[in-house]
Amino acid sequence: MIIDGKREAEIIRSELKKEISDLKSKTNKTPILTVILIGEFAPSKIYVKNKERSALEVGINSRIIKYPENVSEKEVLIKIEELNKDKNVSGILVQLPLPKQIKKEKVINAIDPSKDVDGFHPINVGNLSSGYKSIVPCTPLGCLLLIKKVEKSLSGKHAVIIGRSNLNGKPMAQLLLQENCTVTIVHSKTKNLQHECLKADILVAAAGKPNLVRKDWVQDNAIVIDVGINKVGEKIVGDVNFDELKEKTKAITPVPGGVGPMTIACLLRNTLECFKAHQL
Ligand code: GUN
């Protein structure tokens, strides 16, 4: 089975659109997502454009604040402070990566955790790892929703996650632990990657390495979720060799059209959650 992330994301977006429209008729207010984009990194510009387009489509107003590559950290922190105080702003997202004069940690820490639509603030990270209510990072949340479309109960399943980033691997592990999976995180220093991956009922590949996962790395009937977005020549490919695995697995996400659209749908969902929390 090939998991159609594009279709699942469409379903989420149409539900969000309806809820946002209902809320608008009740409150006369619309969620606003503010995105800070620094510099000229081409993939970031594309991602931000896509986020804006999708937001508008579901009725979320989107504002992009652009800075040149050499903007000072202070100027960005002052802007975040202003957005934190602005009652009309529901969500704040600072597109990563950042230029080297700006510390990611400082910027993430400056965002009001209740407007942190990425779920990267330490308060949200801590709440997630404690199993409390939190804003959940969009990509791992999207992956979990896709996995649960295939398998309702994940209890006792062995999940292997390739990659230990704060954006993907770590929050993915927390979500799967909450689903009662046995979770292994493997990474660049893991001794025998293939051996660990072969234990997986659920394999999430978020390593950023094209073609890393081959057919002899997964057991039959595994669920394989490919988070990778790698440019190889003019083509976008994942971390998984899709053609080799598609016949063998129980379910697999393609790239593009798998996790990517779900990330954006979950960002919109998080923005609506932040908006609702601020209306209470
Ligand atoms: N850069 C790549 N992915 C992401 C993401 O999910 N959020 C932010 N803020 N920046 C990114």
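The values are calculated or read from the model by the stated rules, or taken from the named source; none is laboratory data. This structure is a prediction, so every number in the text was calculated from the model and none was measured. As a convention, Cβ positions derive from the backbone with ideal geometry for all residues, glycine included, and neighbour counts pool all protein chains shown. Just so you know, the surface numbers come from the protein's heavy atoms only, side chains and all, with ligands and any DNA or RNA stripped out. Shrake-Rupley method; radii C 1.70, N 1.55, O 1.52, S 1.80 Å.
Summary of computed values
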{"quantity": "Test: residue in the stretch 50-62 that is open to solvent by less than 20 Å² (accessible area, probe 1.4 Å), more than 15 Å from the ligand (Cβ to nearest atom) and in contact (Cβ under 8 Å) with a residue 40 or more places away in the chain", "calculated": "yes"}
{"quantity": "Positions within the stretch 170-181 being within 16 Å of the ligand (Cβ to nearest atom) and within 22 Å of ASP4 (Cα to Cα), in sequence order", "calculated": "MET172, LEU175"}
{"quantity": "Of the criteria (1) surrounded by fewer than 16 Cβ atoms within 10 Å (Cβ to Cβ); (2) within 15 Å of the ligand (Cβ to nearest atom), which one ILE229 fails", "calculated": "(1)"}
{"quantity": "Residues located in the stretch 15-42, provided they are without any contact (Cβ under 8 Å) to a residue 40 or more places away in the chain, open to solvent by less than 90 Å² (accessible area, probe 1.4 Å) and under 28 Å from LYS231 (Cα atoms)", "calculated": "ALA42"}
{"quantity": "Residue selected from the stretch 143-167 under the condition open to solvent by 60 Å² or more (accessible area, probe 1.4 Å) and within 16 Å of the ligand (Cβ to nearest atom), by the criterion nearest to TRP217 (Cα to Cα)", "calculated": "ARG164"}
{"quantity": "Residue match in the stretch 135-142 (condition: among the hydrophobic types (A, V, I, L, M, F, W, C) and either more than 13 Å from the ligand (Cβ to nearest atom) or over 17 Å from the mean Cα position of the chain (by Cα) (or both))", "calculated": "no"}
{"quantity": "Pick from the stretch 101-129, criterion part of a loop (DSSP other than H, G, I, E, B) and hydrophobic (A, V, I, L, M, F, W, C), ranking: most open to solvent (accessible area, probe 1.4 Å)", "calculated": "PHE120"}
{"quantity": "Among (1) in contact with a helix residue (DSSP H, G or I) (Cβ under 7 Å, 6 or more places away or on another chain); (2) open to solvent by 10 Å² or more (accessible area, probe 1.4 Å); (3) acidic (Asp, Glu) - the single one ASP243 does not satisfy", "calculated": "(1)"}
{"quantity": "Residues that are closer than 21 Å to ILE111 by Cβ and within 16 Å of the ligand (Cβ to nearest atom), drawn from the stretch 11-44", "calculated": "LEU33, THR34, VAL35, ILE36, LEU37, ILE38, GLY39, PHE41, SER44"}
{"quantity": "Single match in GLY91, GLY39, GLY59 (criterion: within 20 Å of PRO113 (Cβ to Cβ) and small (Gly, Ala, Ser))", "calculated": "GLY91"}
{"quantity": "Every pair of residues 6+ apart whose Cβ atoms lie under 8 Å, when the first sits in the stretch 85-97 and is basic (Lys, Arg) while the second is more than 16 Å from the ligand (Cβ to nearest atom)", "calculated": "LYS87/HIS278"}
{"quantity": "Selection from the stretch 116-128 of residues that are within 13 Å of the ligand (Cβ to nearest atom) and either among the hydrophobic types (A, V, I, L, M, F, W, C) or under 14 Å from ALA277 (Cα atoms) (or both)", "calculated": "ASP116, VAL117, PHE120"}
{"quantity": "Test for LYS209: is it in contact (Cβ under 8 Å) with a residue 24 or more places away in the chain and open to solvent by 60 Å² or more (accessible area, probe 1.4 Å)", "calculated": "yes"}
{"quantity": "Any hit, the stretch 191-205, residues being touching an Asp or Glu at 6+ places or on another chain (Cβ under 9 Å), among the small types (Gly, Ala, Ser), closer than 22 Å to LYS248 by Cβ and crowded, with 19+ Cβ neighbours inside 10 Å", "calculated": "yes"}
{"quantity": "Residue in the stretch 86-99 that is open to solvent by less than 70 Å² (accessible area, probe 1.4 Å), more than 16 Å from the ligand (Cβ to nearest atom) and at pLDDT 95 or above present", "calculated": "yes"}
